[in-house]
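The values are calculated or read from the model by the stated rules, or taken from the named source; none is laboratory data. These numbers come from a predicted model, not from an experiment. Quick reminder, even Gly has a Cβ in these numbers, built from the backbone with ideal geometry, and neighbours come from all protein chains shown. The protein model used for the area step is the full one, side chains on, heavy atoms only, and it has no ligands, DNA or RNA in it. Shrake-Rupley method; radii C 1.70, N 1.55, O 1.52, S 1.80 Å.
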Amino acid sequence: MSDYHIRLYEDSDYKVVRILFARGMNEHSHKAFRHAISVPRNWLFMLVLFLVSFWITGSIIMPLLVLITELSFLWICSIYIYSSYVDQCLSDDMLDIQKYYLQRDGGCFWVAESGGVVVGTVATVPSSNPRAEKHTELKRLTVTRSHRGKGIAKALCRTVIDFARQRGCEAVVLETSSNQIDAQKLYEKMGFFQTHIIRLTCCTGRVLDFIDLFYRYDIPTKRGNL
């Protein structure tokens, strides 16, 4: 027997749901940092500045300070790209969850509860793509670290897929980032497939080589096992 159950969001969940979302997103900063260091143009740039500063000063101290500064810059960018996204969401759809999700036609918001504590969330709204009227978008999927590996995220995904099927939708779509490896593996195991990618062209996005990934799950015309 599972030690959790999924239910509709209630106003009393507001604070914990926002905290779960923020923590879940911000924890990807270190993955973005590791990826940024591995980008050839970044480590080549750091190497060049290291050698140039050593050639100019003849001392190892200045090159080390330059290297530390460069790494600090990448770390700040990694934190900023997720924290700014969190701030944007908390002041947008996550500001009034009832209005944006539950009071919206085709929208819904669920939480996973274990031992009387909310440990996961997922939401859905109609796709914003005007050419995909029968598509619904999976959003705000997160599970607290202490309850991962228990099938909660998979159950939350199924909840959205079942909701979409009952409403006669043709597909479930979603967006994630290239740093969210575990999420990608989950979606692909659930039957989602990648449709396209978008590389962020802003300064921070280029520095981090940040990529948005888009997935879709086609709902079978006949009910079957997912």
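So, of the residues in region 164-211 that are charged (D, E, K, R) and under 23 Å from His135 (Cα atoms), which turns out to be most open to solvent (accessible area, probe 1.4 Å)?
Keep residues of region 164-211 that are charged (D, E, K, R), which gives 165, 167, 170, 175, 182, 185, 188-189, 199, 206, 209.
Now drop any that are not under 23 Å from His135 (Cα atoms), which leaves 165, 167, 170, 175, 185, 188-189.
On the way: Arg165: 43, Arg167: 119, Glu170: 100, Glu175: 93, Lys185: 115, Glu188: 99, Lys189: 176 Å².
Of everything passing the filter in region 164-211, Lys189 is most open to solvent (accessible area, probe 1.4 Å).
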As an exercise: evaluate Ser114 against (1) touching an Asp or Glu at 6+ places or on another chain (Cβ under 9 Å); (2) open to solvent by 30 Å² or more (accessible area, probe 1.4 Å); (3) over 26 Å from Phe214 (Cα atoms) and give the number of the one condition it does not meet.
(2)
Residue pairs qualifying under the 8 Å Cβ cut-off, at least six apart or on distinct chains, with the first in region 92-104 being without any contact (Cβ under 8 Å) to a residue 24 or more places away in the chain and part of a loop (DSSP other than H, G, I, E, B) and the second being among the polar types (S, T, N, Q) and open to solvent by 10 Å² or more (accessible area, probe 1.4 Å), are none
Matching residues, region 117-137, being open to solvent by 10 Å² or more (accessible area, probe 1.4 Å) and not small (Gly, Ala, Ser)
Val117, Val118, Pro126, Asn129, Pro130, Arg131, Glu133, Lys134, His135, Glu137
What are the pairs with Cβ atoms under 7 angstrom where one residue, in region 14-37, is in a helix (DSSP H, G or I) and the other, located anywhere, is open to solvent by 60 Å² or more (accessible area, probe 1.4 Å)? Sequence gap at least six, or different chains.
Met25/Tyr85; Ser29/Ile79; Phe33/Trp75; Ile37/Trp43
Among the residues in region 194-206, are any farther than 28 Å from Asn42 by Cβ and not in a helix (DSSP H, G or I)?
yes
Given (1) within 16 Å of Thr142 (Cβ to Cβ); (2) open to solvent by less than 40 Å² (accessible area, probe 1.4 Å); (3) out of contact with any helix residue (DSSP H, G or I) (no Cβ under 7 Å at 6 or more places or on another chain), index of the condition Ser29 fails:
(3)
Step by step: first the residues of region 58-109, then only those that are open to solvent by 30 Å² or more (accessible area, probe 1.4 Å) and acidic (Asp, Glu), then the one that is modelled with the lowest pLDDT. Which residue is that?
Asp105
Out of all the residues in region 197-208, which are over 12 Å from Ser84 (Cβ atoms) and within 16 Å of the chain's Cα centre (by Cα)?
Ile197, Ile198, Arg199, Leu208
